[in-house]
1. Got a number for residues in the range 53-65 being part of a strand (DSSP E or B) and either among the aromatic types (F, W, Y) or out of contact with any His (no Cβ under 6 Å at 6 or more places or on another chain) (or both)?
2. If D57 satisfies all but one of (1) open to solvent by less than 100 Å² (accessible area, probe 1.4 Å); (2) within 19 Å of R117 (Cβ to Cβ), what's the number of the condition it fails?
3. Is it the case that some residue within the range 43-51 is in contact with a strand residue (DSSP E or B) (Cβ under 7 Å, 6 or more places away or on another chain) and either of a type in the set (D, E) or under 15 Å from R113 (Cα atoms) (or both)?
4. The conditions are (1) in contact (Cβ under 8 Å) with a residue 12 or more places away in the chain; (2) under 30 Å from G99 (Cβ atoms); (3) open to solvent by less than 90 Å² (accessible area, probe 1.4 Å); (4) of a type outside the set (G, A, S), and D46 fails exactly one of them. Which is it?
5. Scan the range 53-75 residue by residue and report those that are among the charged types (D, E, K, R) and within 30 Å of R10 (Cβ to Cβ).
6. Checking E50 against (1) more than 18 Å from R15 (Cα to Cα); (2) of a type outside the set (A, V, I, L, M, F, W, C); (3) part of a strand (DSSP E or B); (4) under 12 Å from the mean Cα position of the chain (by Cα), only one condition comes out false. Which one?
7. Would you confirm, using the coordinates I've provided, whether E19 is under 23 Å from R117 (Cα atoms), exposed (fewer than 12 other Cβ atoms within 10 Å of the Cβ) and touching a strand residue (DSSP E or B) at 6+ places or on another chain (Cβ under 6 Å)?
Amino acid sequence: MSATVNFLIRDGIRRDIPECLALDHTYETDMVWQMKINNEDGWKIDFRAERLPRVVDTAFDANEDRLRRALLPEHLFLVATTREDRPETIAYLTMRSDGISGVGLIQDLVVSREYRRHQIALRMS
């Protein structure tokens, strides 16, 4: 791991949305979740992590409407920025509350490619 990144996590605001959408939303993985459904003697669903034969490039769907909804009081929109004279947006997180179960569901957690592997996502979640 390279040098420590000094960053600030703050509430997101409407003018953060274009910078968040401009972040690199692609990622690589060599793992997938396999789902097995068994309906003998009642429903049973099992998930198992499976390794792929090669790394797959994919992209997370950046969604402007979802970011705008995260500005509502019952949701959460966090932005991570560098601590410089001209702060740069390096990550964001959105979460919505489920009023019935009383839990928060993370919808978006994106870190700019050049800032990954610095535990930014861990600190935001």
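The values are calculated or read from the model by the stated rules, or taken from the named source; none is laboratory data. What you see is a predicted model; the values in this text were computed from it and never measured. Cβ placement follows ideal geometry from the backbone for every residue including glycine, while neighbour counts extend to all protein chains displayed. Protein only, heavy atoms only, side chains kept; ligands, DNA and RNA dropped before computing areas. Shrake-Rupley method; radii C 1.70, N 1.55, O 1.52, S 1.80 Å.
1. 6
2. (1)
3. Within the range 43-51 (the criterion being in contact with a strand residue (DSSP E or B) (Cβ under 7 Å, 6 or more places away or on another chain) and either of a type in the set (D, E) or under 15 Å from R113 (Cα atoms) (or both)), the answer is yes, since at least one residue qualifies.
4. (1) is the only condition that D46 fails.
5. In the first step, residues of the range 53-75 are kept if they are among the charged types (D, E, K, R); the result is 54, 57, 61, 64-66, 68-69, 74.
Passing the criteria: D61, E64, D65, R66, R68, R69, E74.
6. Status for E50: all satisfied but (4).
7. On the way: under 23 Å from R117 (Cα atoms): yes; exposed (fewer than 12 other Cβ atoms within 10 Å of the Cβ): no; touching a strand residue (DSSP E or B) at 6+ places or on another chain (Cβ under 6 Å): yes.
Considered against the rule, which asks whether it is under 23 Å from R117 (Cα atoms), exposed (fewer than 12 other Cβ atoms within 10 Å of the Cβ) and touching a strand residue (DSSP E or B) at 6+ places or on another chain (Cβ under 6 Å), E19 comes out as no.
Residues checked against (1) of a type outside the set (D, E); (2) part of a loop (DSSP other than H, G, I, E, B); (3) crowded, with 18+ Cβ neighbours inside 10 Å:
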| residue | (1), (2), (3) |
| --- | --- |
| L67 | yes, no, yes |
| P73 | yes, yes, no |
| L76 | yes, no, yes |
| V79 | yes, no, yes |
| E84 | no, yes, no |
| Y92 | yes, no, yes |
| S97 | yes, no, no |
| S101 | yes, yes, no |
| L105 | yes, no, no |
